[in-house]
Amino acid sequence: MDRDLLDINGLSKSFQKNSVIISHAGVDQSFSVYQHALVSYFSRNSLVWKINNKPFPHRLTFPLKFVSYEDKLCFGPQISPTEITKIAFLHVFNINVTSADDYRANVRHNVSDWFAKLNSKSDVQWIIVINTNRAKDRKTKNSIVEKIKSDFAKYPNRLFDLPDTSDQAAFVTVVQGIQQFLFQHLTLVMEIWDKSLKNQYERKKQHTWEPFAYFSSMTEYARLYWSFGAIEYAMSIFDDLEKLLHEFVLRSGEPESPKWLAQLLNTKIDDRPTLISGGFSVQRISKSEAHYLGMRNYLLCQQIIMSIHLYQQKMKSNDAAPSLRSDCAVGIMQRALITIEAVKEFNNLMNNKRDIPLTCCWTWWTVSESLSICQLLCDVSHLNVAPVILSRLHLARFDALFVLAKQLKLNPEDSETLGKWLLSIKPISLESKVLSSAIKSNEQMCTEMEKVHDVCVGSLNHANRHRFVWNITYKLFNYLRSSNSKCPLQKLSINRQMLKTLPIQASTAQMLKSLCSELLESDSTTDEMLTLIFFIVQCENGKDEKIVENLMEKMRKRAEIDGKLVDLQSISLAEIDLFNVQIDNFEAVQTTDSILEIRALIDSKIGFSLENAKIELIFSGATTSSIAQQANLSVLSLQHEKKENICRLVSEFKLKSQQSAQPIDENGPLSLKIALNAQNLAPGNNQLEFRTDISKIGCFVLEKCTISTESFKFATCDVLARRPPALYCISTPHSVTVINDSQHFYAGVMQNLEIEVEARCDIPRETLLTVEPSSPNFQFLNESFVWANNLQITLQPFDSMEKRRLHVKVWLKIDSTICESAAVQKRSILVKWMDRRYNLSLQFVPVMVINSKTSMLTTDILLEVELNRAAGPNITTVIESASLTTDPLHADSKFSESLTATPLSQFPIEGDLLSIANLIWKLPTKGSLVKHRLHLDYTVKQQDPPLKYTFDDIVELTVPDVQFEICTQVLSQQPGAQLCRATSPCHFVISIRFLKEMSCSLLVVLDADDRMWTLVERTKMVTIKDSGLGQLALTIIPVVAGYLPFPNVSIYECQLVSEAVIPGNDILFFNRSAGKQIRVLSPNNSDNNNFGKQDVVRGSNRIKKTIEKLFD
Amino acid sequence: MLGVVGFFIYAKENSRLFDSVNPRYAQQLLEIEMFTFCSLDIVDEKSTKASEMFLGQLYNDQKWRSFGYITNTGVRMILVLDATSAASLKDQEIRLIFKRFHGHYCNTISNPFYEIGTPMQSKWLDEGINDLYSISE
C-alpha cells in the first residue's frame, strides 16, 4: 500500500472478515431469494449471545455466506481449532415440490442422502426449509408438509415451512431458527477453541512448545470475534496476548525458563516487517515471521486496523463521543510505543545483538508510519494527552538511529548487508531510501540524525521533558564530534528553565562541559552564559579551577560592559542561599564615638574562594525597611526620637500614615553601613569581625548583608541572628575643658594651659586630639620647642569615665588691639577630638600696654612708644631689639622703598613689673596717616626654655609739618614768691615762636581740668611780630596743692567776621614743655607787702629773661 | 543475577541527597547518572497523577531500567537495574526495596544533627545498599 494513497477507508478495507458459512442443498433457485434477505438481516442486526445462560458483553453480527453443500464443510474427527472457521455453521436443505407425490418421487431420496451424510458427523447443525409456493392449493401444501414432517418426526424444530414469500411470520420463524442454530454452533466452536488454547498455554513450560503456533491460534481467535463485530473483545484478546508475550520475555531469566525462547532468537528476520507497505494486507502471519519482531509487528497491524474499525463503528452510532477521533489517534500511538519498547526490551534481555540494526530500522519507519496513520485522523500535536506519547515515539526514533549509527561504526561490514536488506523488499518506501543513503554515507547519517534530533527536541520540550533534551543533545554532540562533524551550537537552547531541570551533581557538570565546550570557550557574557558557567561551578562545588577562573573573567567583562556589578543571585539557579550569614549577639546600645563590634559567620556555598571581597552589613534607620517589616513578622516597629534620645515601639498602623516615598540614601543619616574590605572567603564557614565607629544617632535595624568583589555582588536579607539585629545609637559627648582658667592668662608670653579630657565611654583605640586657634595670633609650642599654628596630640585608649590632663603651652601674640589697654580680653582656641569640636574660651591680659605719641621738634618728629608693665606675675621682659619702618604701600610716590626710623633708645631694655619703658624713634618721613610697622623682639628673663617673642603690628601715624613752637610756664603773681599756692592767682605765660619769621595773629585757647585749675582767662589773641616771636600771659588759679600738669594749649588762626574774631584752622605746634608739672603749695594767709607798681616792672623783666633762657 | 546498578535519592529541588552506584558499574558512572536524571522527568510527570508512592518502571533504554518512588514530601528515590540482566525483580520485590529504603531515609532524617536538604551519610542507608548489592551478586 502506498503512503500517498493511504486513507482510513483503505485501511479499514484491508481487514477481511471471516464469513459465517451456511451450506445449502436442494432446489437453489427458490432459496436464493431468501439468501439475500438473511444476509442483510444478520449483518445489520446485533444479536445477543448467551453463554452458560449469561449474555455475552458484546452484541454480535454474522457475516453470512451461502455455499453449496460439501462434505468437507462438516465437522470431522480430527478437526483443529484453526480449521473450525472453515466449517459451515449451518446446513440448509431446501425442498420445493408441487405435491406430496412429487416429493416422494423426486426429492425424498436426496434428502435422505443429505441427512445420512450429516448424521454421520458429530455436532452438525442442520435445518430443512419446506417451500410450498409451487403447490396449487392449500390442501396440497398441507399434504406436502405433513409428509415431510412424518419423515423427520424426530426433529420437528428443524423443519420450517415457507408457504409463500409474502408470509412474514413464516420468514421470521425461519430467521429465529437459523439464529438459534448459529449460536449453538458458535458456542460449540468457541468451547473447543478455548479448550485447545488452554491446553496449549499449559504446555508453555515444555521445551518443545511452539510459541508461534499459540500466537497464530490466538490471533485467529481474536479475528473471529472481530469478524462477528465484537471489536472491543477482540482488542482485549490482542492486548492480553501482547502482555503475555511481554511476560515471557521478562521471565526469560528465571531458572525454570523453557528453551523455546531461543527459537525466537534463532529465527532470522528475512522479511521486512512493515505496517503500510503490505503489512495491513496480511491476513494471517506467515511462518517466516515467527520471530519476536514479526509477531509484534503483526499485532500492531491488527491493533491499528481494529482501532480504525472501532472508530468507524462508533462514528455510526448516535452516542459517539466528541473526542472519538483524537482518542483513536492516541490509542494508535500508544500501541505503537508499547510495541517498540517491547521489542527493545526483548533484544536487551535476550542479548540479541544480531538483530539490533534491523530492529533500529524497523523502529525508524514504524514511528513514521504510525504517525502518518494518526495524521489521517487528526493533528496529534495539538492533543493534550499526546505530547508525552509523541515525545516518547520520537525519542525511540532518535535512539534507534543513534544505536544504528554506533553499530555501523563498530561493524562497518554490516552496512552493505543492511543496505541490501532494505532495498530487497518492494515497494521501496521513503524510509528505506533515507536509511539506505544514511547507511552509505556518514555525512548523510549526521544530517539525518540532526533532523531527528530537532523533531525529538521539539516534542520533548512540548512534553516538558527537558532532561531528555539534554540527554539526546549530549548524545548527538558526542556522535558528531566523534565523526569530526561540526556541532550545531545554535541547537543548544540553554536557558534558566532548562538548566533548572538538571540535578546539581558532578555528572551534570561533566555533561554540560562536554556538551557546551565550544560555548564555554567563547567570549560571550550573556546572562545565559553566566548562568550556565555558574551552574557548572555549583554542580562541581568549585573544584574545577579553570571553570571558576572562566566565570570570574566573564563576570569582570560583563561588569565593565554594563558599568555595574553582576548580581550573583540573578545567575544562580540553586534555590539554596549562596551565602548563609549569621551574626552573634552584639551590644545593641551604642554611644556615638564608640566602637561597635559584630562577629559574623558566613557560610559560603558557592564552592570557590573569593579574594579581595567586600562584606557590608547595612543597617537602616527608616521605619519602612526593617527586616521585620519586610517579612511581616511583627506589627510593631522601632522608632527613634532624636530630641529625647529614646527609642520606642510604634504600631505599624500609625507608621503607615508617616511613610515617605523618598528612597533611602545609604550614606545618609538613616543608614549605617559597616564594611570589611579585602577579605578572603573560603568555601564553608568563615569567621568575620566587623568593627566601626559609631558616628550617627538613631535606631537602626540590620536590613541586609552584601558581599561583593570587583565583578559581582550578592545581597541577602535573610541574616540569622538570635536576637533582633537592632542597634540603638545614642549621643554621649565626651568632655574637654580647661581646668586652670579661673585666672586670666597673659598675652605676649608663654602660658601653660591645662586641658582636661574626659571620656564618657570606652575608647579602645588611639585617638588624635588637635588644638588650633579659634581666634587669630595663637601659637602652640610643640615637642620640638618650636612655635606652630596648631598642635596634635595622640591620646592613648581611654576607659569609661576616665579623665586625663593635658598641658598645652600656648602663646597669644600681642598686637596693637590687645596692647591698647590693660583690660581683660577674651580669646578662644578650638580643640578637635573624636570628630567633635570644642571651643574653649580664655581670658587674656596683655603682658605690656603699648601707648605711643609723637613729639614735634623744630626739624624732626619724634615717636615715643611707652611700654607699661601691668600687674601680674613677676615676669621681666627684655626688649632685645625694636624697629620701625614705613609700609611701602602707603609711602609717598617719591619713596618706593620702606624707610627705617632712627632709634634713639639703647637696647636691651628690661621691663620689670609696674615699670615703664620708653622707645623713641626719629621718624623718617612726614605726612598724614603714614603707616609704620613696629617690630619688637623680646624675651622673658630667666625663662626655661628660653623663648623668643615678637610684636609686629602696623601703627598708623600722622606726621605733620610743624611751623610753630611754644613754651609755657606758670608764675606766681605774688611779689617775691617763687612757688605758686593753691587758690592764689598765677600767670600762665605762653611764648610762641614762628619758624618762618613772619607776622601773624593767633588765637590762644586754654583748657584744663576744673578739679586742678580755674581758668580766669581762657582766650586771648596774640600777634606774632616780624621777628617771629610772640608772648602772652593768662591768669589761672590752682585749685589744689600738689604737682599739677600744665593746662592744655590750643592755637587757632584768627578770622575776622564783621567785628568779631572767631577761631579759624587749628595750628600744629611743638610744645617744649609738654608733660611738665608744677608744684603748687597749699594756701597761705600772709599779706603781700610789696604788691604795687615796682612789682609789675620786676615781673616783666623776669619773664623776658625766662624766654631768653628757653630759646638759648 | 539481578543486576542492581544503583540507588539515588533526590530532594524536591533537584538536589541529590544520596547516591550509590554498584562498584561493578563504576566505569559507566556518567551514563548511569545521565540515565538517572532523565528518569527524573518521568518522576515529575507521574508524581502529579500517582495514587501511591511507588511509581513503577520509569524509563529503560538498551542498558538500564529505572524504577521510581516518591514520598509525601516530594523526595524521589530511583532504583536503576541492568536492562540486560536475565533475572528480573518482581513488582512486589521492588516495592519492598523502596519501602525499606524509605524507612532508612526516615531514620536518617531523624538524626537531630542532620540538616534537611544536605547530602546524607548514615549507616542505615549504607547497610541497605550493601544488602541490595548482595542480592545483586
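Couple of notes before you dig in:
- Taken over region A:783-815, the criterion of being acidic (Asp, Glu) and over 27 Å from A:Asp762 (Cα atoms) is satisfied by A:Glu783, A:Asp815.
- Residues in region B:56-70 that are open to solvent by less than 10 Å² (accessible area, probe 1.4 Å) and more than 13 Å from every other protein chain (Cβ to nearest Cβ): B:Gly68 alone.
- Checking B:Met53 against (1) modelled with pLDDT of 80 or more; (2) within 14 Å of the chain's Cα centre (by Cα); (3) within 8 Å of chain A (Cβ to nearest Cβ), the condition it does not meet: (3)
- Subset of region B:120-137 [touching a strand residue (DSSP E or B) at 6+ places or on another chain (Cβ under 6 Å) and assigned to a loop (DSSP other than H, G, I, E, B)]: B:Met120
- Test result for B:Lys99, within 25 Å of A:Ala396 (Cα to Cα), without any contact (Cβ under 8 Å) to a residue 24 or more places away in the chain, exposed (fewer than 15 other Cβ atoms within 10 Å of the Cβ) and among the basic types (Lys, Arg): no
- The strands (runs of 3 or more DSSP E) found entirely in region A:996-1037 that carry 3 or more residues being open to solvent by 70 Å² or more (accessible area, probe 1.4 Å) are A:1019-1024.
- Residue match in region A:425-436 (condition: assigned to a helix (DSSP H, G or I), open to solvent by less than 10 Å² (accessible area, probe 1.4 Å), more than 13 Å from chain B (Cβ to nearest Cβ) and not hydroxyl-bearing (Ser, Thr, Tyr)): yes
- Qualifying residue in region A:587-602 (condition: among the acidic types (Asp, Glu), within 30 Å of A:Lys500 (Cβ to Cβ), part of a strand (DSSP E or B) and modelled with pLDDT of 80 or more): no
Conditions tested, residue by residue: (1) more than 13 Å from chain B (Cβ to nearest Cβ); (2) surrounded by 14 or more Cβ atoms within 10 Å (Cβ to Cβ).
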residue: A:Val380; (1), (2): yes, yes
residue: A:Arg392; (1), (2): no, yes
residue: A:Ala396; (1), (2): no, yes
residue: A:Glu413; (1), (2): yes, no
residue: A:Glu416; (1), (2): yes, no
residue: A:Trp421; (1), (2): yes, yes
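- Within region A:780-815, being in a loop (DSSP other than H, G, I, E, B), touching a Phe, Trp or Tyr at 6+ places or on another chain (Cβ under 9 Å) and not acidic (Asp, Glu) holds for A:Asn789, A:Asn790, A:Lys813, A:Ile814.
- Residue selected from region B:33-55 under the condition small (Gly, Ala, Ser) and open to solvent by 20 Å² or more (accessible area, probe 1.4 Å), by the criterion farthest from A:Ile389 (Cα to Cα): B:Ser51
- In region A:751-778, the qualifying residues are those that are farther than 12 Å from A:Met834 by Cβ and buried (at least 20 other Cβ atoms within 10 Å of the Cβ), and the one that is farthest from the chain's Cα centre (by Cα) is A:Leu753.
- Residue that is surrounded by the most Cβ atoms within 10 Å (Cβ to Cβ) [pool: residues in region A:319-358 that are free of Cβ contacts under 8 Å to residues at least 60 places away in the same chain and within 11 Å of chain B (Cβ to nearest Cβ)]: A:Asn347
- Residue count, region B:8-27 (criterion: open to solvent by 10 Å² or more (accessible area, probe 1.4 Å) and within 8 Å of chain A (Cβ to nearest Cβ)): 5
- Given (1) open to solvent by less than 50 Å² (accessible area, probe 1.4 Å); (2) within 13 Å of the chain's Cα centre (by Cα); (3) modelled with pLDDT under 85, index of the condition B:Leu30 fails: (2)
- The number of residues in region A:398-411 being of a type in the set (S, T, N, Q) and more than 14 Å from chain B (Cβ to nearest Cβ) comes to 1.
- Test: residue in region A:476-492 that is assigned to a helix (DSSP H, G or I), aromatic (Phe, Trp, Tyr), more than 7 Å from every other protein chain (Cβ to nearest Cβ) and closer than 17 Å to A:Glu528 by Cβ: no
The values are calculated or read from the model by the stated rules, or taken from the named source; none is laboratory data. Bear in mind that the values here come from a model prediction, so they are computed numbers and not experimental data. No Cβ is skipped: glycine too gets one built from the backbone with ideal geometry, and neighbour counts run over all protein chains shown. The area values use the complete protein model at the heavy-atom level, side chains included, leaving out ligands, DNA and RNA. Shrake-Rupley method; radii C 1.70, N 1.55, O 1.52, S 1.80 Å.
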